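The values are calculated or read from the model by the stated rules, or taken from the named source; none is laboratory data. Model, not experiment: these values are computed from the prediction. Here Cβ is always computed from backbone atoms with ideal geometry, including for glycine, and neighbour counts include all displayed protein chains. All accessible areas refer to the heavy atoms of the entire protein, side chains included, with ligands and DNA or RNA removed. Shrake-Rupley method; radii C 1.70, N 1.55, O 1.52, S 1.80 Å.
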Amino acid sequence: MKGKEVLPNFLVVGAAKAGTTSIYRYLSQHPEVYMSPVKEPKFFTSTGLKFPHNGPGDSMVDAGIVRDFSSYKALFNDVDNQKAVGEASADNLYYYLIAIPNIYKYIRETRIIIILRNPVERAYSAYLHLVRDGRENLGFKEALEAEDRRKKNNWEFIWFYKDVGYYYSQVKAYLDAFGQDKVRIYFFEQLKSDALGLMQDIYRFIGVRDDFIPQIRRYNVSGIQRSQFINRLLSSPSMFKRIIKRLLPEKAGKDLSLALRRINLKKPEMKPELKELLTESYSDDIRLLGKLVGRDLSHWYT
């Protein structure tokens, strides 16, 4: 199939900080699946957003966005005989008003994968993600209070901790646009408790062998660094990384680095009053979402 123009026949559209990176990695391991080498090209939302984004570190994110169709097509030049071809841009769910018309314009016939997480937990995980990366310097309460100001100042969507979690209208738009049979909705709890079962269902959904067993681990975990020294050691060029590269095969070196990164993270508890405030703000949206997808989500707001 190399040399022939190929576009995705499935998309992982979000939600951010709900397990999309893990799903991307598990899909990438399947011999019958080709995933874009750029994990989040964000092509389908790029036409409707204003650049540059102005939050700390947003310029690095902007630099990785694929903004023209020829460059997007080039991401799939190396597709060989894989049956399923996909990519995972987690902002497609949040910016559905921009993404859906562009998906229809450029590829139309595609399957949609959505994974959702308790929006309170998702908001806090997004916050800790940016704390981990040294981009967020406010406390969680102050960051929530700054959200509207950050929107007005055109920060990247990952900073909108609260707003991203209002899933009902986002999910409904995809169901309305593509139909129940072309949209599959999963939940973060499933990914944690039965990642293999969830992935095998995805494999069936996109039409590849479901007996493949990926290497299961959690990717892109959020948290606060226990040691900034260890973080710098793992994040930037160093003698330690050069030694690992010399002594270990590439895969083993990456596995060790990933394990050390996880060990170096701690996840402080969210303050109960903030958890209660967020839960209350999401409760109506969660009830609507539960009815929409036919699932009892009351544990998210009780």
Give me the pairs: first residue in the stretch 109-136 and closer than 16 Å to Y186 by Cα and at pLDDT below 95, second residue of a type outside the set (A, V, I, L, M) and not in a helix (DSSP H, G or I), beta-carbon distance under 9 Å, and six or more apart or on different chains, which are they? none
Exactly one of K50, K39 is in a loop (DSSP other than H, G, I, E, B), surrounded by fewer than 23 Cβ atoms within 10 Å (Cβ to Cβ) and in contact with a strand residue (DSSP E or B) (Cβ under 7 Å, 6 or more places away or on another chain), and that residue is K39
Scan Y106, Y124 and give me the residue that is surrounded by 20 or more Cβ atoms within 10 Å (Cβ to Cβ) and of a type outside the set (K, R). Y124
Identify the single condition in (1) in contact with a helix residue (DSSP H, G or I) (Cβ under 8 Å, 6 or more places away or on another chain); (2) more than 16 Å from G294 (Cα to Cα) that D194 does not satisfy, given that it satisfies every other one. (1)
If the Cβ limit is 8 Å and pairs must be 6+ apart or interchain, which residue in the stretch 176-205 that is closer than 21 Å to K83 by Cβ and of a type in the set (F, W, Y) pairs with which residue that is open to solvent by 40 Å² or more (accessible area, probe 1.4 Å) and in a helix (DSSP H, G or I)? Y186/D201
Within the stretch 191-230, restricting to residues that are among the aliphatic types (A, V, I, L, M), in contact with a strand residue (DSSP E or B) (Cβ under 9 Å, 6 or more places away or on another chain) and within 29 Å of K267 (Cα to Cα), the one that is modelled with the highest pLDDT is L198
Wholly enclosed helices (runs of 4 or more DSSP H) of the stretch 59-134 bearing at least 1 residues of a type outside the set (D, E, K, R), touching a helix residue (DSSP H, G or I) at 6+ places or on another chain (Cβ under 7 Å) and more than 18 Å from K17 (Cβ to Cβ): 69-74, 96-106
When the stretch 1-36 is examined, which residues are found to be of a type in the set (A, V, I, L, M), assigned to a loop (DSSP other than H, G, I, E, B) and in contact with a Leu (Cβ under 7 Å, 6 or more places away or on another chain)? A15, A18
Do the conditions hold for V131, that is, is it of a type outside the set (D, E, K, R), more than 14 Å from the chain's Cα centre (by Cα), crowded, with 17+ Cβ neighbours inside 10 Å and under 23 Å from F44 (Cβ atoms)? no
In the stretch 162-220, what residues are more than 30 Å from K151 (Cα to Cα), open to solvent by less than 60 Å² (accessible area, probe 1.4 Å) and not in a helix (DSSP H, G or I)? G179, G207, V208, D210, F212, P214, R217
Long-range neighbours under 6 Å by Cβ, at least six apart or interchain, first residue more than 10 Å from E87 (Cα to Cα) and touching a residue at least 24 places away in the same chain (Cβ under 8 Å) within the stretch 15-27, second open to solvent by 10 Å² or more (accessible area, probe 1.4 Å) and assigned to a helix (DSSP H, G or I): A18/F188; G19/F188; G19/L191
Are any residues in the stretch 40-69 among the charged types (D, E, K, R) and closer than 11 Å to D91 by Cα, and if so, which ones? E40, K42
Residues in the stretch 141-151 that are without any contact (Cβ under 8 Å) to a residue 60 or more places away in the chain and under 23 Å from S89 (Cα atoms) total 2
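Residues checked against (1) at pLDDT below 95; (2) of a type in the set (S, T, Y); (3) closer than 27 Å to R204 by Cβ:
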position	(1), (2), (3)
Y26	no, yes, yes
P31	no, no, yes
K39	yes, no, yes
L49	no, no, no
A90	no, no, yes
I98	no, no, no
What are the residues in the stretch 277-290 that are surrounded by 12 or more Cβ atoms within 10 Å (Cβ to Cβ) and among the charged types (D, E, K, R), if any? D284, D285, R287
